[in-house]
Amino acid sequence: MKTIDSIVTQAASIAAIRRDIHAHPELCFKEVRTSDVVAKQLEAWGIPIHRGMGVTGVVGILKNGTSDRAIGLRADMDALPMQEYNTFAHTSQHAGKMHACGHDGHTAMLLAAAQHFAKNRNFDGTVYLIFQPAEEGGGGAREMIKDGLFEKFPMDAVFGMHNWPGPQMGKFAVSAGPVMASSNEFKITIHGKGAHAALPYLGLDPVPVACQMVQAFQTIISRNKKPIDAGVISVTMIHAGEATNVIPDSCELQGTVRTFSTEVLDLIEKRMKEIAEHTSAAFGVSCDFAFKRNYPPTINAPVEAAFCSKVMASIVGSDNVEVQEPTMGAEDFAYMLMAKPGAYVFIANGEGGHRDMGHGAGPCMLHNPSYDFNDELIPLGATYWVQLAEAWFKEPTAIRAA
């Protein structure tokens, strides 16, 4: 593993910043303190910044030489609305808020790269350091783009990275094409007619209608879409009734839909609406159908994904660079990849042995109350960022022509 010596030397101080951010988690678009910490560090290293894009976003600007070529490196900053079970020194100080996805670590890795870049600008062009708010459901990437991210800071490509628990530290993963799914929500309210539970024929019971819908939705997956196309429909909430002897007036279904393509998503939404409305009509009731499209699928450009793999191999060896299996989780970096070529890669976080004493009983998995980012990743992740940028500027024409 070939990490940059100057980054390794400063890793402990960056880890202290990471733990400070972990202890003070902030939710989407509320990352005021976190963005202050990022801005303060960048300015202390002599890096010009732009603040307020996407409400609390921070962009660091690293220029060198005369070339007009530019790339963006992105890290997310927000935490999750969940209670932390860990009890070590840097556990969350805010009840109901926790860095359970490692965004504190993502911020730290990019800060470590920024610190190195401030003194070692071995490139000709511009590197934009994008510290993004509100990945966890707020669509911070989309909001930064709406605020003119790519107009104010023109860049030829953009890259992101996420830690991945399980594989041992020292491994990376990347693949071309879809790597994370679209995230979408639905809400269906079935309107029936309430009655006494002993006299069901006097009412219109919405509950069996809901049961029929839940079963029928899965036929979309098994019988309407192609078997080779990925798609998941999960009904995660069913709400109806307040008393055991009363047939309710209404029943509400909620859940999510995940796909790797817009075409499959279009099919699923269309068929769900048809099933909901026609099933309701068959039972003599009505329904309201709402479908909300949140994040699109995250799709890596093949050329940039291959380039990232090459850079990773130069750091950890080709045997430690794996093909990332697509996951049905979602990521708003998808919006950036819809606007610019680039790739979203993964860095192994380990199984949890890095955690200090005082962690909870649960596994060190993403969105788990016992999760903690592995600080040993900071020099490795920062080295990747630095070498990615330096290599990209050395052969940009070859990259796009590959």
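Quick note: the coordinates plus some simple rules give every number you see, no bench work behind them. What you are looking at is a predicted structure, and each value in this text was computed from that prediction instead of being measured. Note that we place each Cβ from the backbone using ideal geometry, even for glycine, and neighbour counts take in every protein chain shown.
Where Lys and Arg each count +1 and Asp and Glu each count -1, what net charge lies around LYS394 among other residues with Cβ under 13 Å from its Cβ?
Spelling it out: positives minus negatives among the neighbours equals -1.
Cut-off 10 angstrom, C-alpha nodes, Gaussian network model of the chain. Which of HIS359, HIS278, HIS162 fluctuates the most?
Largest GNM mean-square fluctuation: HIS278.
Given the C-alpha centroids of region 289-329 and region 139-212, what is the distance between them in whole angstrom?
Here the answer is 18 Å between Cα centres.
Can you give me the long-range amide H partners of CYS287? Hydrogens built in the peptide plane at 1.01 Å from N, cutoff under 5 Å, separation of 5 or more residues or another chain.
HIS191
Explain nothing, just compute: Karplus ³J(HN,Hα) = 6.51 cos²θ - 1.76 cosθ + 1.60, θ = phi - 60°, for every residue of region 145-161 in order, whole Hz, x for Gly and Pro.
Each residue's phi maps through the Karplus curve to give 5, 4, 7, x, 3, 7, 7, 6, 10, x, 9, 8, 7, 9, 10, x, 8 Hz.
At q = 0.08, 0.11, 0.12, 0.13 Å⁻¹, what log₁₀ I(q)/I(0) does a Debye calculation on the Cα points of the chain give, no solvent, two decimals?
Treating every Cα as an identical point scatterer, log10 I(q)/I(0) equals -0.48, -0.83, -0.94, -1.06.
Could you sort the peptides 131-144, 312-325 by per-residue average Cβ neighbour count (10 Å cutoff), highest mean leading? Intermediate values should be presented prior to the final figure.
Values: 131-144: 24.7, 312-325: 16.1.
Most protected by this proxy first, the peptides run 131-144, 312-325.
Pairs of alpha-carbon atoms within less than 8 angstrom and 6+ residues apart define the contacts here; what relative contact order does the chain have, in percent?
For the chain, the relative contact order is 24 percent.
Tabulate in residue order the Karplus-calculated ³J(HN,Hα) for region 211-224, using 6.51 cos²θ - 1.76 cosθ + 1.60 with θ = phi - 60°, rounded to whole Hz; enter x for Gly and Pro.
4, 4, 5, 4, 5, 5, 4, 6, 6, 4, 5, 8, 10, 9
Largest first and in whole Å, give the semi-axes of region 182-295's equivalent ellipsoid, each being the square root of 5 times a Cα gyration tensor eigenvalue. It would help to have the intermediate numbers written out before the result.
Numbers: eigenvalues 171, 34, 23 Å².
In descending order, the three semi-axes are 29, 13, 11 Å.
Sum up the charges of everything whose Cβ sits under 15 Å from the Cβ of ALA12, counting Lys and Arg as +1 and Asp and Glu as -1, but leave ALA12 out. Before the final figure, lay out the partial values.
Numbers: positive: ARG18, ARG19; negative: ASP5, ASP20, ASP356, ASP375, GLU376.
Local net charge: -3.
Per residue of region 248-261, what does 6.51 cos²θ - 1.76 cosθ + 1.60 with θ = phi - 60° give for ³J(HN,Hα)? Whole Hz please, x for Gly and Pro, Karplus curve as stated.
Computed from phi, the couplings for region 248-261 are x, 6, 9, 9, 10, 10, 9, x, 10, 10, 10, 8, 9, 9 Hz.
When the chain is fully extended, how far beyond the present Cα-Cα distance does ASP266 get from SER222, taking 0.36 nm per residue of separation?
Details: separation 44, 0.36 × 44 = 15.84 nm, distance 1.59 nm.
Fully extending the segment from ASP266 to SER222 adds 14.2 nm.
With everything on Cα atoms, drop me the angle between helix 103-119 and the longest principal axis of the chain, reported from 0 to 90° to the nearest 10.
Here the helix axis deviates by roughly 20 degrees.
On C-alpha positions alone, give me the angle between the axis of helix 302-316 and the longest principal axis of the chain, in degrees, nearest 10.
Once rounded, one gets 60 degrees.
Between THR244, THR327, THR383, find the one with the highest GNM mean-square fluctuation for the chain; connect C-alpha pairs within less than 10 Å.
Taking springs between Cα atoms under 10 Å, the residue moving most is THR244.
Taking amide H positions as placed in the peptide plane 1.01 Å from N, state which residues far from MET98 in sequence (5 or more) or on other chains have amide H under 5 Å from it.
Excluding prolines and chain starts, which carry no amide H, the hits are LEU80, MET82.
Return the lysines within reach of LYS193: Cα separation strictly under 30 angstrom, same-chain partners fewer than 8 residues apart disregarded; answer none if there are no such residues.
Result set, ordered by chain and number: LYS270, LYS273, LYS292.
Taking amide hydrogens as modeled 1.01 Å from N in the peptide plane, which residues meet the under 5 Å criterion relative to MET180, leaving out close sequence neighbours?
Here THR298, THR327 satisfy the definition.
Which value, in debye to the nearest 20, describes the size of the charge dipole of the chain about its Cα centre when Lys and Arg Cβ atoms bear +1, Asp and Glu Cβ atoms bear -1, and nothing else is charged? Before the final figure, lay out each step's value.
Values: 33 positive and 43 negative charges, 122 e Å.
Dipole about the Cα centre, nearest 20: 580 debye.
By average Cβ neighbour count within 10 Å, what is the ranking of 169-175, 235-241, 345-351 from highest down? Spell out each step's value before the answer.
Details: 169-175: 21.0, 235-241: 13.7, 345-351: 22.7.
Descending mean neighbour count gives 345-351, 169-175, 235-241.
Please determine, in degrees from 0 to 90 and to the nearest 10, the orientation of helix 377-394 with respect to the longest principal axis defined by the Cα atoms of the chain, where the helix direction is its Cα long axis.
70
Quick one: net charge around LEU42, please, counting Lys, Arg +1 and Asp, Glu -1 for every other residue with C-beta under 14 Å from its C-beta. It would help to have the intermediate numbers written out before the result.
Values: positive: LYS40, ARG51, LYS63, LYS119; negative: ASP36, GLU43.
With Lys, Arg at +1 and Asp, Glu at -1, the neighbours total +2.
For a quick protection proxy, order the peptides 385-394, 254-263, 190-199 by their average other-Cβ count within 10 Å, most packed first.
Details: 385-394: 20.9, 254-263: 19.2, 190-199: 15.9.
Per-residue mean Cβ counts within 10 Å order the peptides as 385-394, 254-263, 190-199.
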